[in-house]
Amino acid sequence: VSQVFLGINLKCASCHDSFINDWTLHDAYGLAGVFAEGPLEVHRCDQPKGEYAPVKFLYADLGSIDGAGSRDQRLAQLADLMTHEKNGRLARTVVNRLWGRFFGRAIIEPVDEMDNEPWSADVLDWLAVDLAEHGYDLSHTMRLILTSRAYQSASVDRGERDAETFVFRGPVVKRVSAEQFVDTLS
């Protein structure tokens, strides 16, 4: 959930406090507790710590999740927090993933590390606000992206991979996927 919808990679924090960002073991267990049938005992590198993580949402300023509620209630609270109007993270993550799919390179790379710097915060924010204002209508956002002059510009080679030196010049040339190839043959 954190990776797909918020662009937060908690894999490291599910075993120990992350070395690459500020997420902790308790953050990962707190979010996992939303989905659990009962309290989760914290394990650090597969060793039990003898403590239980309280259920929590990663961004406390947006709200909290009642750990005493039923699993269905916790999931409903999580859904409300994920789609909360002040949670710009969801819209930015969705837009970033769409841009990456269509252009061969996302606005923030990699797409699962939304804390990284975008090559254009203005483009990302404008598209994210537009997505939210249109009720998260993905068809609208895809139409907007695919009819843009940016998408219709000439394709470029893979070129720059470094985020600090990247300059958008057009969609990146990429190979068709195996599924696309089979569809073409049929």
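The values are calculated or read from the model by the stated rules, or taken from the named source; none is laboratory data. These numbers come from a predicted model, not from an experiment. Here Cβ is always computed from backbone atoms with ideal geometry, including for glycine, and neighbour counts include all displayed protein chains. For accessibility, only protein heavy atoms count, side chains too; no ligands or nucleic acids. Shrake-Rupley method; radii C 1.70, N 1.55, O 1.52, S 1.80 Å.
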Assess whether Ile65 counts as being of a type in the set (A, V, I, L, M, F, W, C), within 24 Å of Arg92 (Cα to Cα), open to solvent by less than 40 Å² (accessible area, probe 1.4 Å) and part of a loop (DSSP other than H, G, I, E, B).
-> yes
Residue among Val111, Val55 that alone is of a type outside the set (Lys, Arg), under 30 Å from Ser153 (Cβ atoms) and touching a helix residue (DSSP H, G or I) at 6+ places or on another chain (Cβ under 9 Å) = Val111
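Every residue, every condition in (1) surrounded by 15 or more Cβ atoms within 10 Å (Cβ to Cβ); (2) at pLDDT 85 or above; (3) in contact with a strand residue (DSSP E or B) (Cβ under 9 Å, 6 or more places away or on another chain), yes or no:
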| residue | (1), (2), (3) |
| --- | --- |
| Leu6 | yes, yes, no |
| Asp17 | yes, no, yes |
| Asn21 | yes, no, no |
| His26 | yes, yes, yes |
| Val34 | yes, yes, no |
| Ala53 | yes, yes, yes |
Sole miss for Ile108 among (1) under 30 Å from Arg175 (Cβ atoms); (2) over 17 Å from the mean Cα position of the chain (by Cα); (3) not hydroxyl-bearing (Ser, Thr, Tyr) is condition (2)
Check Glu85, Glu41 and return the single one that is among the acidic types (Asp, Glu) and more than 28 Å from Tyr136 (Cβ to Cβ).
-> Glu41
